[in-house]
Amino acid sequence: WDGPALLTARSHFNPDAETDDLLIDISIVHSTDSAVANFLEPIKKIFREHITIKPKQRGDKVIQDGAQAVHMAHFVRTQIMEKGVSGATTHIVGSFPLGLAVFIGMHLNACGSIQCYEHKEKHEDEGVHKTYVPTCLLVRQ
């Protein structure tokens with residue numbers, strides 16, 4: 001099995017960004033498009049680069065076994081190592097299984113500071129909006 005062949009990475013560079021921070025959007029189980037758009041709307045210029053990582057087909061059964069999860073985690077790490085800037089924070093949002101999150105975490109121990117987010121529904125006058133809120137910041141010392 002060739003992990004990266006199952007995943008694609010699409011990158012959007014923002015030359016007007018206020019920081020060198022990187023946004024990684026991992027969309028394995030469900031589309032994250034509307035939640036990420038709602039998340040980015042109030043903070044348009046923060047991220048230097050926004051990378052969307054997704055499989056050819058989304059769903060609960062995309063990851064067949066542990067070996068595929070390890071390959072996917074390594075693919076995510078490779079994207080961060082290639083696109084990240086030393087001293088900047090990598091922000092991770094997405095829709096992916098908990099097991100993959102563990103493998104990604106294991107692969108990110110040398111990738112600098114990582115800001116993790118949780119998917120939330122915000123109830124507002126216009127209706128329900130899906131977005132991401134910060135949950136924890138892992139700082140590399």
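What follows is calculated from the coordinates using simple rules that are stated; it is not laboratory data. Just so it is clear, the structure is predicted and the values come from calculations on it, not from any experiment. In this analysis, Cβ positions are derived from the backbone assuming ideal geometry, glycine residues included, and neighbour counts consider all displayed protein chains.
Annotation: extensible slack from residue 110 through residue 98 equals 2.3 nm (criterion: 0.36 nm per residue apart, minus Cα-Cα distance).
Over the chain, the hull volume per residue, using the convex hull of the C-alpha atoms, is 111 Å³. Spin-label pair residue 61-residue 120: with each label point 7 Å from Cα along the Cα-Cβ axis, the two points sit 3.5 nm from one another.
Between residue 14 and residue 43, the distance separating the two model label sites (each 7 Å from Cα on the Cα→Cβ line) works out to 0.9 nm. Candidate cross-link partners of residue 130 among the lysines, defined by an alpha-carbon separation under 26 Å and a same-chain spacing of 8 or more, comprise 44, 45, 54, 56, 61, 120, 122. In straight-distance terms, cross-link reach from residue 83 covers every one of the aspartates and glutamates whose alpha-carbon lies under 15 Å from its own, apart from those fewer than eight places away in the same chain; here that gives 20, 21, 25, 49.
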